[in-house]
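Just so it is clear, none of the values below were taken in a lab; they were calculated from the coordinates. All values reported here derive from a predicted model rather than from experimental measurement. All Cβ positions, even for glycine, are placed from backbone atoms using ideal geometry, and neighbour counts span all protein chains on display.
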Amino acid sequence: MKVAKVYSLDDIRIEDAPAPGVGPGEALIRMKVCGLCTSDMIPWYVARKVPAVLGHEPVGVVVEVGRDAVGFQEGDRVFVHHHAPCFTCRLCRRGFFSLCQVWRASHLVPGGLAEFVKIPAHNLRYDTLRLPDGVSFEDGSLIEPLACSVKALRRARAQAGDIVLVIGLGVMGQLNALLARRCGAKTVIGADLVPYRLEKALSLGADAAVDVSKEDLTERMRELTGGLMADVVIVGPGSVDAMRSGLACVGQGGTVMLFTPSGPEERLEITPHDLYFNEVTLVTSYSCGPYDTREAMELIDQGVVSAEQLVTHRFPLEETAEGFRKAKEAGASLKTLIVMDET
Ligand SMILES: [Zn+2]
Ligand SMILES: [Zn+2]
């Protein structure tokens, strides 16, 4: 079978690899669609993984089921989460699935950017979801990214009546803005410097979009909120500048959500005095767990989020390198999908 193997972000090769064999409790899927994730574009993050077949937003059709595999059969249309927790360790019991050692060690074989993918028994059992009839393969490829938003909004405790600021309006920012509205936010404000992304946020229902290449975000937030600032700030970019900007825009009793990690060496200065007397919460959200993927699929089934809103580019597996190039340039684009098979 063909796989797209990433050696570096500028060196992605289409290679032949044997299709994985299926053992007890496992299943094989023929890939249909796999989204390219923003995290796959972060150089230091990718450098830790390569060479590898990346792709962790996969949907496909089950073509083979191993002995003792329960709950799935040939022909099932499925989303597969590349990580699944053990449900028994201390961190799982406390609800921190993405910190579970089993979750971290679990993975698909070889990865989503391939013609066929083996679902290990653990992933099949704990985080493989059959797609509802109304959810297309392209919609299904949004389950994993949307699940990351579901988790982040929950951890940020976004609630009805909130003023929510979303910094960075790539596909994750757009998902966060859509979900903030769904949580009952009274005012949703987006910030970015790409006109296409600002307009997209407005067309998807944001109340205001601030072009940070032209306007000072803190000043503009003060105007837009009558001095209240934001109850929840979701900082999309993994840059310390964006995080600093998020801290400057949060109001009293508010929460700053760091949605993306910075590099390991970077430092962010905070003023504990201000955090304390304004009761500001700083919180992070890493990836997503099995309850988040289920909720995300439900939201997609209800039409809250769809591929039609967010997918701007599609490439066949052979053109994965071009897909990465497009996703990396972060211009007039949102979601880039690799489409293995459109039927
Ligand atoms: Zn991802
Ligand atoms: Zn665990």
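Things worth noting here:
- In this Cβ point-charge picture (+1 for Lys and Arg, -1 for Asp and Glu), the stretch 157-284 has a dipole of about 440 debye about its Cα centre.
- Links that overshoot a 18 Å alpha carbon limit, given the list 5/118; 5/151; 200/335; 2/335; 32/200: 5/151; 2/335; 32/200
- Scoring 68-75, 138-145, 244-251 by mean Cβ neighbours within 10 Å over their residues and listing the highest first yields 138-145, 244-251, 68-75.
- Helix 240-249 vs. the chain, principal-axis angle (Cα, 0 to 90°, nearest 10): 50
- The stretch 118-135 and the stretch 56-115: distance between their alpha carbon centers, rounded to Å: 7
- When shorter helices are ignored and each DSSP H run of at least 4 residues is given -39500 (n - 2.57), the per-residue value for the chain at 222 nm works out to -8500 deg cm²/dmol.
- The phi torsions of the stretch 104-110, fed into the Karplus equation with coefficients 6.51, -1.76 and 1.60 and a -60° offset, translate into couplings of 5, 7, 6, 6, 8, 10, x Hz, rounded to whole numbers, with Gly and Pro shown as x.
- With contacts taken as Cα pairs under 8 Å and at least 6 residues apart, the stretch 157-284 reaches a relative contact order of 21 percent.
- Taking the Cα centre of the chain as reference, the dipole from Cβ charges on Lys and Arg (+1) and Asp and Glu (-1) amounts to some 840 debye.
- For the stretch 274-291 and the stretch 165-200, distance of Cα centres in Å: 18
- In sequence order, calculated HN-Hα J values of the stretch 311-321 (Karplus, 6.51, -1.76, 1.60; Hz; x Gly/Pro): 7, 10, 9, 9, 9, x, 3, 4, 9, 4, 4
- Relative frequency of Cα-Cα separations exceeding 25 Å in the stretch 198-343, percent: 45
- Top positive-direction residue, dipole computed over the chain with Cβ charges, set 189, 287, 143: 287
- Mean Cα-pair separation over length for the stretch 1-89, i.e. relative contact order, pairs under 8 Å, 6 or more apart, %: 29
- For the chain, relative contact order (Cα pairs under 8 Å, six or more residues apart, normalised by length) works out to 19 percent.
- Report note on the peptides 38-51, 197-210: ranked by the mean count of other C-beta atoms within 10 Å, highest first, their order is 197-210, 38-51.
- Modelled FRET efficiency - R0 22 Å, residue 284 with residue 160, Cβ distances, 0.05 increments: 0.40
- Between helix 171-182 and the chain: long-axis angle, C-alpha atoms, 0 to 90°, nearest 10: 70
- Taking only Cα atoms of the chain, radius of gyration then Dmax in Å: 20.1, 63
- Here the residues 234, 270, ranked from fewest to most Cβ neighbours within 10 Å of their Cβ, fall in the order 270, 234.
- Nearest 10 degrees, 0 to 90: helix 290-301 Cα axis against the chain principal axis: 80
- Projecting the Cα positions of 247, 176, 270 onto the charge dipole of the stretch 157-284 (unit charges on Cβ atoms of Lys, Arg, Asp and Glu, taken about the Cα centre) puts 176 furthest along the positive direction.
- When each of the peptides 53-63, 294-304 is scored by how many other beta carbons lie within 10 Å of its residues on average, the order from highest to lowest is 53-63, 294-304.
- At R0 = 45 Å, FRET efficiency that the Cβ-Cβ distance of residue 241 and residue 63 yields, to 0.05: 0.45
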